Amino acid sequence: MLRKNFRCFAVAPLDDTDCQITQQNQYLPCKYLTCGHWLTLKDDPTTHCGRRNQLIKLIVFILIPCIGLFVQSAFTVVGSIQSIDDANNIEKIVNFSVDCSHLVHVLQIERGMSALYVSSNYSDQVFQQLIQIHATTDTNYSSLACFFDNNTETFDHVVEVRNYLAFNRQKITNRSQSANEVVTFYTDTIAVIIKNIWQKIQQFKHDELWKSLVSFQLLMAAQEETGAERAIGSTYFAQTSLNPQSHARYIQKNTRGQTLLYTCFKYSTIAYNYYIINISQSTFAKTISKQRNQIIDNIPHQPSVVAGTYWFNNMTRYITSLYGINNRITNNIMARLEESKARANGNLTLVILLLGVICFVCPSLLFLLYRLMSNMQNLAKDLSQRTNQLNQERQRADNLLNQMMPPSVADRLKKNLSFPAQSFDDVTIYFSDIVGFTRICHSSTPIQVINMLNTIYSTFDKKIEQFIAYKMETVGDAYMVVSGLPTALVEKRHAAEIANFSLAIQRGFHDIRVPHMQNCFIQFRTGIHSGPCAAGIVGSKAPRYCLFGNTVNTASRLETNGEGN
């Protein structure tokens with residue numbers, strides 16, 4: 001019961017099977033273990049508790065991303081559905097705005113023609129054109145079931161718009177309105193419609209379409225200001241001149257219309273390119289520019305219905321061209337909405353499929369991983385033991401290789417790197433052999449000779465570890481040592497190292513006898529020489545690190561011709 005209630009800062013007695021916690025301390029006494037010991041024990045695959053905890057961790061680590069992916073997919077589904085709904089709502093609003101903008105367009109034409117009719121002193125020719133425009137306007141607003149909300153400040157339904165227009169038309173027919181009153185009436189009516197359109201568009205925020213929606217609104221506002229400019233300009237040509245109030249109002253409408261149009265171009269390259277290619281350099285645009293300058297100058301002239309009609313037709317063509325730009329912007333918005341809906345539908349389909357895959361794959365994956373983890377845990381002990389054995393054998397092989405050649409050279413060979421021959425400017429080489437070795441061999445068995453040499457040169461090997469020197473090789477009774485390579489020593493320290501090594505050998509083998517021939521003392525001949533030499537790896541099957549050069553030969557001759565000591 002104590003072990004079941006074990007927690008991080010508690011202690012509990014463990015049985016002998018749970019006392020294996022580390023490779024260094026394989027068994028702890030069956031006493032109380034601290035929290036640190038338990039943290040080490042809980043991941044040990046050699047214990048039942050450790051294997052269980054590993055499986056729990058594995059399941060948790062698999063479930064967390066699966067649950068996270070499931071939640072993310074669910075949010076993506078909700079987001080995709082919301083995107084589709086938003087796109088559908090924006091599409092409805094854009095369609096509604098297109099219908100209303102067409103109504104605004106025909107109302108602007110009716111406003112201009114009505115102002116021209118009143119300014120021309122109720123010309124019959126203009127009146128016939130006005131009747132046709134009335135019919136066009138009625139057709140457009142009758143096709144709209146309802147384009148105003150109940151909270152609209154002026155109209156609640158299309159019927160009210162129809163009655164309101166009919167009442168105003170009757171006043172114009174009765175010749176009871178001035179041109180300024182006509183322009184004001186239609187301008188206020190159009191303003192209500194445009195305001196309602198803007199309110200509906202502003203209800204939706206779409207990061208990809210906001211520039212196009214803004215350009216749509218700006219262009220519609222520019223059309224309205226230009227339409228009012230057309231109506232006031234018609235009054236100028238139908239009369240002698242404009243009164244100061246009408247003249248100021250014309251300049252205001254002209255300036256605002258141009259400003260809104262150029263601002264629209266900053267938000268829509270479609271509108272800018274179409275305007276530059278199809279409108280700005282056209283004949284009617286140049287004619288309009290001249291007529292605008294004439295109106296702005298407000299020079300008195302002979303009233304002319306023909307001139308007014310000519311101005312009206314040119315401006316109508318210009319506004320119709322702007323309306324065409326708006327249609328292009330609208331088509332672009334609709335196309336991008338369709339792309340957005342297509343992407344959202346594609347994402348929704350993929351996410352639903354992904355959710356299905358998650359629901360199927362996660363349980364299967366957990367089961368397979370459980371089986372796999374169980375098998376891996378069963379192999380953990382064997383793998384650990386074999387790894388330790390491999391490391392030990394590798395260390396032994398490295399030690400043996402380092403005894404055959406310098407460690408730096410051995411490291412390059414282990415990495416499959418070539419080791420080019422090197423030249424050393426100054427090294428010290430030591431040679432030694434046993435005086436009368438041939439005579440001793442004749443009086444000894446091979447085993448005795450081997451044991452003698454092993455005893456002697458084992459002592460040599462222990463001595464050489466005390467100095468910065470490297471044992472090159474032993475051939476029979478010959479022993480070769482070098483200092484100053486493969487790493488050069490500063491201030492010719494290699495000579496001192498070899499000399500000190502030679503003195504240490506002399507002191508260590510003073511009065512030494514042959515082990516199996518007590519009457520025979522062992523004497524050594526030594527040859528030492530410093531100078532340049534070359535070193536490199538010779539052979540590939542059994543590579544050896546060898547030295548070459550006159551320095552080697554000189555040291556060997558000194559040893560051969562030396563006296564025993």
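The values are calculated or read from the model by the stated rules, or taken from the named source; none is laboratory data. Every value quoted in this text rests on a predicted model; they were computed, and no experiment measured them. Reconstructed Cβ throughout: ideal geometry from the backbone, glycine too, with neighbour counts over all protein chains shown. Each accessible area value is taken on the protein alone, full model and side chains, heavy atoms only, with ligands, DNA and RNA left out. Shrake-Rupley method; radii C 1.70, N 1.55, O 1.52, S 1.80 Å.
Brief remarks follow.
- Of the residues making up the range 519-533, just one is farther than 21 Å from ALA496 by Cα and among the aliphatic types (A, V, I, L, M), namely ILE522.
- Of all residue pairs spaced 6 or more apart or on separate chains, those with beta-carbon atoms under 7 Å, a first member in the range 289-307 that is assigned to a helix (DSSP H, G or I) and a second member that is β-branched (Val, Ile, Thr) and open to solvent by 60 Å² or more (accessible area, probe 1.4 Å) are ILE296/ILE251.
- The residues in the range 383-442 that are polar (S, T, N, Q) and closer than 30 Å to ASN519 by Cα can be counted, and the count is 2.
- Set GLU473, GLU491: member being under 23 Å from THR560 (Cβ atoms), surrounded by fewer than 17 Cβ atoms within 10 Å (Cβ to Cβ) and modelled with pLDDT under 85: GLU473
- Summed over the range 504-546, the residues that are hydrophobic (A, V, I, L, M, F, W, C), more than 18 Å from PRO406 (Cβ to Cβ) and open to solvent by less than 80 Å² (accessible area, probe 1.4 Å) give a count of 10.
- Candidates TYR430, TYR370: the one that is among the aromatic types (Phe, Trp, Tyr) and within 30 Å of ILE56 (Cα to Cα) is TYR370.
- Test: LEU485 is surrounded by 14 or more Cβ atoms within 10 Å (Cβ to Cβ) and not polar (S, T, N, Q): yes
- Out of LYS42, LYS31, LYS57, sole residue that is under 39 Å from the mean Cα position of the chain (by Cα), modelled with pLDDT under 75, open to solvent by 40 Å² or more (accessible area, probe 1.4 Å) and over 28 Å from TRP210 (Cβ atoms): LYS42
- Matching option when the condition is part of a helix (DSSP H, G or I), in contact with a helix residue (DSSP H, G or I) (Cβ under 6 Å, 6 or more places away or on another chain) and under 23 Å from ALA228 (Cβ atoms), among ILE333, ILE329, ILE358, ILE270: ILE329
- Matching residues in the range 440-454 - criterion: being farther than 23 Å from SER556 by Cα and of a type outside the set (A, V, I, L, M, F, W, C): HIS442, SER443, SER444, THR445, PRO446, GLN448, ASN451
- Of the numbered criteria (1) more than 28 Å from PRO543 (Cβ to Cβ); (2) open to solvent by 60 Å² or more (accessible area, probe 1.4 Å), the one GLN466 fails is (1).
- Residue check for TYR370: aromatic (Phe, Trp, Tyr), surrounded by fewer than 16 Cβ atoms within 10 Å (Cβ to Cβ) and more than 30 Å from the chain's Cα centre (by Cα): yes
- Some residue of the range 280-287 being under 60 Å from the mean Cα position of the chain (by Cα), buried (at least 17 other Cβ atoms within 10 Å of the Cβ), modelled with pLDDT of 90 or more and at negative phi: no
- For ILE276, the conditions (1) farther than 22 Å from ASN95 by Cα; (2) in contact (Cβ under 8 Å) with a residue 12 or more places away in the chain are fulfilled apart from (2).
Conditions (1) surrounded by 14 or more Cβ atoms within 10 Å (Cβ to Cβ); (2) out of contact with any Lys or Arg (no Cβ under 6 Å at 6 or more places or on another chain); (3) in contact (Cβ under 8 Å) with a residue 12 or more places away in the chain; (4) of a type outside the set (Gly, Ala, Ser), marked per residue:
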| position | (1), (2), (3), (4) |
| --- | --- |
| GLN392 | no, yes, no, yes |
| ASN399 | no, yes, no, yes |
| ALA410 | yes, yes, yes, no |
| LEU413 | yes, yes, yes, yes |
| PHE419 | yes, no, yes, yes |
| GLN422 | no, yes, yes, yes |
| ILE429 | yes, yes, yes, yes |
| ASP433 | yes, no, yes, yes |
| GLY436 | yes, yes, yes, no |
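- Residue in the range 224-239 that is outside any helix (DSSP H, G or I) and surrounded by 19 or more Cβ atoms within 10 Å (Cβ to Cβ) present: yes
- Single match in ILE468, ILE440, ILE464, ILE498 (criterion: in contact (Cβ under 8 Å) with a residue 24 or more places away in the chain and within 14 Å of ILE528 (Cα to Cα)): ILE498
- Residue that is nearest to SER114 (Cα to Cα), among those in the range 183-200 that are open to solvent by 10 Å² or more (accessible area, probe 1.4 Å) and among the hydrophobic types (A, V, I, L, M, F, W, C): PHE185
- Which listed residue, of ILE67, ILE81, is closer than 30 Å to LEU355 by Cα, in contact (Cβ under 8 Å) with a residue 24 or more places away in the chain and open to solvent by 30 Å² or more (accessible area, probe 1.4 Å): ILE81
- Number of positions in the range 240-267 that are open to solvent by less than 50 Å² (accessible area, probe 1.4 Å), assigned to a helix (DSSP H, G or I) and not aliphatic (A, V, I, L, M): 10
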